[in-house]
Amino acid sequence: MNKPKLLIARRIYPEVLSKLQEHFDIDYNDSDEVYAKDELIKRLQGKQAAMTTGTDRVDEQVLKACPELKICANIAVGYNNFDVASMTARKVQATNTPDVLTETTADFGFALMMATARRVSESEHYLRKGLWTQWSLDMFTGPDVHASTLGILGMGRIGQAIAKRGAHGFAMRVIYHNRSKLSAPLEQACKAQYVSKEELLKTADHLVLVLPYTPEAHHTIGQAELALMKPTATLTNIARGGIVDDAALAQALRAGTIAAAGLDVFENEPALNPELLSVPNIVLTPHIASASRKTRAAMADLAADNLIAFFTKGQVLTPVNTIQ
Ligand code: GLV
């Protein structure tokens, strides 16, 4: 029997590739180059399956041009690169990689928040430039993390894992805002209290964004929201570019509206708003929150398992949509 045809749109780990080779006839992009839309469409012709990452946009144009496509397995928990409504309408199964990255991503969110509060990048740049000639009592002082108020916007799995780190490890008071309030046992496990978005912005000493990107979430944090925050507060974004208005943030950091920001995700990444690069009180990382070797391998493996299960069992492990 002919194997289904699979496009792997980005370089993956050899062990995951070998596993997929047993089940699929593979067209493999053995590089880190993102296919342009035309190339993606060309490569997907006649293919039933695709393995994608968050930068491969699967939209109505792609779906319409590739009618044989039955499943797209994203190597990411976020799937804003998918037009899920079009995929569902065209009966294309979408999958993502939740759970396997939760703790690793929470570690990074917490690390970025701490680095932001304690001015790790800013002081390292100062040191590397040879500007450190003497120690002073007030040198690179910043807000404390322990026993401060941690605000979390988006209280899914990763938000909860960050809350637990803050509440149990750092004696932080944890407040959160989310589309829905957590159940009482979950709130208790996270020692977290539900508040309005306004109260979250006004009260948090350290605000961490972990909400999914949807068109409604575009610029959830803009000039008006930043203006509500404390001038001593920090903002950390490990969710998605576009949730923060990067231009407004750069301006707020320059003006001292908030103290500092840590960003792992950006509008139009990997291109960055140049204003962000010249602001000193910011920590910038290239979308690496889930990047432990073990977790990235687990993400690729789960995406592969979704593809294999779809063709061998007729159902996937971590669906994003329901196909009738
Ligand atoms: C990374 O950003 C992911 O969504 O997994």
May I ask you to verify whether A261 is part of a strand (DSSP E or B) and buried (at least 21 other Cβ atoms within 10 Å of the Cβ)? yes
For residues that are outside any loop (DSSP other than H, G, I, E, B) and either touching a residue at least 60 places away in the same chain (Cβ under 8 Å) or of a type in the set (S, T, N, Q) (or both), tally how many sit in the stretch 111-158. 13
Scan the stretch 265-272 and tell me whether some residue there is of a type outside the set (K, R) and either outside any loop (DSSP other than H, G, I, E, B) or not assigned by TED's automatic domain parsing to the domain that holds Y126 (or both). no
Restricting to the stretch 89-105, name every residue that is of a type outside the set (A, V, I, L, M, F, W, C) and either over 19 Å from K47 (Cβ atoms) or at pLDDT below 95 (or both). N96, T97, P98, D99, T102, E103, T104, T105
Top-ranked residue of the stretch 76-104 - restricted to ones that are assigned to a helix (DSSP H, G or I) and surrounded by fewer than 23 Cβ atoms within 10 Å (Cβ to Cβ), ranked as farthest from the ligand (Cβ to nearest atom): A89
Could you list all residues from the stretch 95-131 that are touching a strand residue (DSSP E or B) at 6+ places or on another chain (Cβ under 9 Å) and charged (D, E, K, R)? R119, E122
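The values are calculated or read from the model by the stated rules, or taken from the named source; none is laboratory data. In this text, all values refer to a predicted model and were calculated from it rather than measured experimentally. Note that we place each Cβ from the backbone using ideal geometry, even for glycine, and neighbour counts take in every protein chain shown.
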